[in-house]
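Input: a single structure, listed below in structure tokens.
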Amino acid sequence: VLGEPEAAVQAAETCAAHGIRVGCFRPPSVPKGRACLRLTGRATVTEADFTTLREALRAVAGLYRP
């Protein structure tokens, strides 16, 4: 959960820049202040895919460090 819609959109763009496609859910689909990303796995995900995902999520986390 990232909070505001703008934060979720920015996080989704950051993931996309790393080659990771994520869902971005904002109000009215989720309650106000609860915008978030949704990741969906599949049977063909490789170890390299997980490494790329980890790098993308680290970059997203870096957006929100004080």
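Some observations on this one:
- Where a residue in segment 37-62 is closer than 13 Å to residue 16 by Cα and free of Cβ contacts under 8 Å to residues at least 12 places away in the same chain and its partner, wherever it lies, is open to solvent by less than 70 Å² (accessible area, probe 1.4 Å) and of a type in the set (A, V, I, L, M), with Cβ under 8 Å and at least six apart: none
Rundown of residues vs (1) more than 8 Å from the chain's Cα centre (by Cα); (2) buried (at least 17 other Cβ atoms within 10 Å of the Cβ); (3) not hydroxyl-bearing (Ser, Thr, Tyr), yes/no style:
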| position | (1), (2), (3) |
| --- | --- |
| 12 | no, yes, yes |
| 30 | yes, no, yes |
| 41 | yes, no, yes |
| 44 | yes, no, no |
| 58 | yes, no, yes |
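- Residues satisfying the stated conditions in segment 14-28, i.e. surrounded by 11 or more Cβ atoms within 10 Å (Cβ to Cβ) and of a type in the set (Gly, Ala, Ser): 16, 19, 23
- Test for residue 52: is it assigned to a helix (DSSP H, G or I) and touching a Gly at 6+ places or on another chain (Cβ under 7 Å): yes
The values are calculated or read from the model by the stated rules, or taken from the named source; none is laboratory data. Fair warning: this is a prediction, and the values are worked out from it, not measured in the lab. Positions of Cβ are backbone-derived with ideal geometry, glycine not excepted, and every protein chain shown enters the neighbour counts. With ligands, DNA and RNA removed, areas are computed over all heavy atoms of the protein, side chains included. Shrake-Rupley method; radii C 1.70, N 1.55, O 1.52, S 1.80 Å.
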